[in-house]
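I have placed the structure first, in the form of C-alpha cells, so that the comments after it can refer back to it.
The values are calculated or read from the model by the stated rules, or taken from the named source; none is laboratory data. A quick note: this is a predicted structure, and the numbers were derived from the prediction, not measured. With ideal geometry, Cβ positions are generated from the backbone for all residues, glycine too; neighbour counts draw on all protein chains shown. Accessible surface is based on the protein model in full, side chains and every heavy atom, while ligands, DNA and RNA are left aside. Shrake-Rupley method; radii C 1.70, N 1.55, O 1.52, S 1.80 Å.
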Number of protein chains: 2
Amino acid sequence: MTGKNLAGPKTDVLDLGAVFRALADEHRRSVMTQLAADHSDNERGCNSFDLPISKQTQTHHFRVLREAGLIDEIDYGNRKGIRLRRADIEKRFPGLLALLEAEPSGGPLVAERG
Amino acid sequence: MTGKNLAGPKTDVLDLGAVFRALADEHRRSVMTQLAADHSDNERGCNSFDLPISKQTQTHHFRVLREAGLIDEIDYGNRKGIRLRRADIEKRFPGLLALLEAEPSGGPLVAERG
DNA sequence: CCTCAGGTACGATTCAAGTCATACCTGAAG
DNA sequence: CTTCAGGTATGACTTGAATCGTACCTGAGG
C-alpha cells in the first residue's frame with residue numbers, strides 16, 4: 001500500500017484566516033518552520049519534529065495544519081507521513097514560507113542543542 | 001498638542017508569533033487589510049474601520065495590533081490616530097503586507113456593500 | 001493468535017482570548 | 001461649570017483552543 005492522502009478537503013479554498021490561526025501556535029509554527037527550511041520537500045515522519053507534547057496533541061496539531069491546507073498527511077495505517085504543500089502555499093500566499101524560513105529553526109522550543 | 005505616540009514598546013523585537021496571533025482574529029485582520037490597501041499611509045481614526053463590535057473591544061484589538069508592532073497609536077486625549085507601520089513591517093517581514101493586500105478589503109465582515 | 005509501536009477517537013480539564021456592562025477619564029464646545 | 005463624544009480601565013462571562021488520560025484501532029513481527 002502506498003498510503004492514502006488525507007489532505008483532499010481544502011485545496012483551492014485556502015483561507016488566510018485559517019492559515020494565520022494555524023501559524024499562531026508555537027508548536028505548529030515550529031513544524032512549519034522546519035518544513036519550510038528543508039527544500040528537499042521529502043516526506044517526513046511525525047516524530048522527526050521533536051515536539052515536547054503528547055502524541056494525542058500532536059495528532060491534533062497536524063490535523064489543524066492539514067485542514068488549513070499547509071501540509072499533506074499520508075496515512076499508512078499504523079504510520080503517517082507529512083509533506084509540505086509548498087507549491088500550493090507559494091501560489092496562494094507568495095512569500096509566506098520565506099517568512100517562516102527566516103525564523104530560527106524550531107524557534108524557542110529547540111533553542112540551541114548542537 | 002500633536003499627540004503622543006503610544007507604540008514605543010516593541011520596535012525591533014517584532015515577534016512573528018505575536019504577529020500571527022494578532023492576524024488570526026477576523027476583526028484585526030480586517031483593520032490590517034484596509035490599512036495595507038491604502039498606500040497613502042495617512043493617519044486614520046478608529047471609527048474609519050466600521051467594526052461591528054463595541055468600542056471597548058475595539059480598544060482591545062488596537063492594543064493587540066500595537067503590541068504586535070503592526071500599528072502606531074497616536075493619543076490626542078479624547079481622540080486617537082492609527083497609522084500602519086509599513087516600513088517596519090516590510091523590513092522584518094517582507095511580503096506580509098502583500099498577503100493582506102491580496103485579501104478582499106474588509107473580508108467577510110463587509111461583504112459587498114457598494 | 002499475541003505483542004508492540006504509532007496513531008486516532010472521545011471526553012475532561014485548563015487556560016487564553018473575544019466580548020460586553022459599568023464606570024471613569026479626556027478634551028472640545030456651549 | 002455642564003454636556004457630549006471618543007477612549008480607557010476593570011470585571012465578568014463565554015467561547016474556543018491546547019492539553020492530556022483512557023480506550024481503541026492499525027499494521028509489522030513473532
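List of remarks:
- Selection status of A:Glu73, over 26 Å from B:Pro94 (Cβ atoms) and open to solvent by 40 Å² or more (accessible area, probe 1.4 Å): no
- Segment B:14-41, subset assigned to a loop (DSSP other than H, G, I, E, B) and within 15 Å of DNA strand D (Cβ to nearest atom), residue nearest to the other protein chains (Cβ to nearest Cβ): B:Ala24
- Within segment A:50-69, residues that are within 11 Å of A:Arg28 (Cβ to Cβ) and touching a residue at least 40 places away in the same chain (Cβ under 8 Å) reach partners that are of a type in the set (Val, Ile, Thr) and more than 8 Å from DNA strand D (Cβ to nearest atom) with beta carbons closer than 8 Å, at six or more positions or on different chains, in the pairs A:Leu51/A:Val31; A:Leu65/A:Val31; A:Leu65/A:Ile71; A:Ala68/A:Val19.
- Of all residues in segment B:24-41, none satisfies being open to solvent by 60 Å² or more (accessible area, probe 1.4 Å) and modelled with pLDDT under 95.
- Condition check for B:His60 on (1) within 20 Å of A:Gly95 (Cβ to Cβ); (2) away from every other protein chain (no Cβ under 14 Å): one failure, at (1).
- Every residue from segment A:45-77 that is within 12 Å of DNA strand D (Cβ to nearest atom) and of a type in the set (A, V, I, L, M): A:Leu51, A:Ile53, A:Val64, A:Leu65, A:Ala68
- Scanning segment A:12-36 for residues that are closer than 25 Å to B:Ala102 by Cα, in contact with a helix residue (DSSP H, G or I) (Cβ under 6 Å, 6 or more places away or on another chain) and in contact (Cβ under 8 Å) with a residue 60 or more places away in the chain gives A:Leu14, A:Leu23, A:Arg29, A:Met32, A:Thr33, A:Ala36.
- Segment B:76-107 - residue that is in a loop (DSSP other than H, G, I, E, B) and more than 16 Å from B:Leu23 (Cα to Cα) and, of those, least open to solvent (accessible area, probe 1.4 Å): B:Gly77
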